[in-house]
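Any read-out appearing in this document is the output of simple, stated calculations on the displayed coordinates, not a laboratory observation. Small disclaimer: the values here were computed from a predicted structure and weren't measured. Cβ placement follows ideal geometry from the backbone for every residue including glycine, while neighbour counts extend to all protein chains displayed.
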Amino acid sequence: MDHRPTDQSKSTPSAGDAVASPQPTGPVVISVCVSCKSADGLNAGAPMLEAMRAALADAADVQVRPVQCLSVCKRPTTVAVTSADGYSFVFGDLVPETAAEAIASFAASYRDSPYGLVPWRQRAEVLRKGMVTRLPPLGWSPDDGRAPT
């Protein structure tokens with residue numbers, strides 16, 4: 001998991017490493033799965049989309065969009081946080097009433113973190129427990145696989 005600190009002092013950039021701004025550029029995109037169903041078969045995605053839009057109504061440079069499926073059907077409701085050159089995070093098992101503000105806070109921290117890599121301890125508990133995956137930015141590929149420094 002990504003909650004343990006690692007020593008990255010020995011990591012040196014190589015010719016294959018992409019040169020990029022440490023902070024994500026462009027908008028932070030929040031993708032909400034609107035086809036998620038709750039255990040009782042009701043649509044759980046639509047309420048999450050509404051909650052996210054309300055929580056981020058005044059947020060600059062954050063886009064909330066519906067998506068038909070994030071393929072995490074066993075962990076509804078699911079939300080992805082991405083940017084063009086930052087990490088991508090997918091969270092599941094979310095409840096709109098508690099998760100919308102947590103995602104909004106995460107989006108603000110994401111914008112200010114190198115490559116959008118929000119430290120594990122800075123994430124709300126609901127997001128720590130709901131982590132499905134994180135994917136590195138497409139623009140870099142260090143030889144040792146470590147997070148960029």
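Per residue of the range 82-93, what does 6.51 cos²θ - 1.76 cosθ + 1.60 with θ = phi - 60° give for ³J(HN,Hα)? Whole Hz please, x for Gly and Pro, Karplus curve as stated.
Whole-Hz 3J(HN,Hα) from phi for the range 82-93: 9, 8, 4, 10, x, 4, 10, 10, 10, 10, x, 6.
Restricting attention to the alpha-carbon atoms of the range 15-113, what are Rg (one decimal) and Dmax (integer), both in Å?
Radius of gyration, then largest Cα-Cα span, for the range 15-113: 14.1, 53 Å.
Before anything else, pin down the relative contact order of the range 28-135: Cα pairs under 8 Å, at least 6 apart, normalised by residue count, whole percent.
Contact order relative to length: 28 percent.
Based on Cβ point charges of +1 for Lys and Arg and -1 for Asp and Glu, what charge dipole magnitude is obtained for the range 23-149 about its Cα centre, in debye rounded to the nearest 20?
300 debye
Taking loop as defined by DSSP and a crowding limit of 16 other beta carbons within 10 Å, which trypsin sites (Lys or Arg not before Pro) in the range 31-89 fit?
Working: sites: Lys37, Arg53, Lys74; in loops: Lys74.
Taking the range 31-89 and a limit of 16 other Cβ atoms within 10 Å, the loop trypsin sites (Lys or Arg not before Pro) found are Lys74.
Roughly how many nanometres apart are two label points built 7 Å out from the Cα toward the Cβ at Val95 and Arg75?
1.8 nm
For the pair Lys129/Gln23, report the inter-label distance in nm, with labels modelled 7 Å from Cα in the Cβ direction.
Result for the modelled spin labels: 3.3 nm.
Of Leu56, Ala104, Gly45, whose Cα points farthest to the positive end of the dipole of the range 28-135 (charges on the beta-carbon: +1 Lys, Arg; -1 Asp, Glu; origin at the Cα centre)?
Result: Gly45.
Around Ala59, what is the net charge, scoring Lys/Arg as +1 and Asp/Glu as -1 over all other residues with Cβ under 12 Å from its Cβ?
Net charge in that neighbourhood comes out at -1.
Roughly how far apart, in whole Å, are the Cα centres of the range 42-64 and the range 80-119?
Spelled out, the Cα-based centre of one part sits 13 Å from the other.
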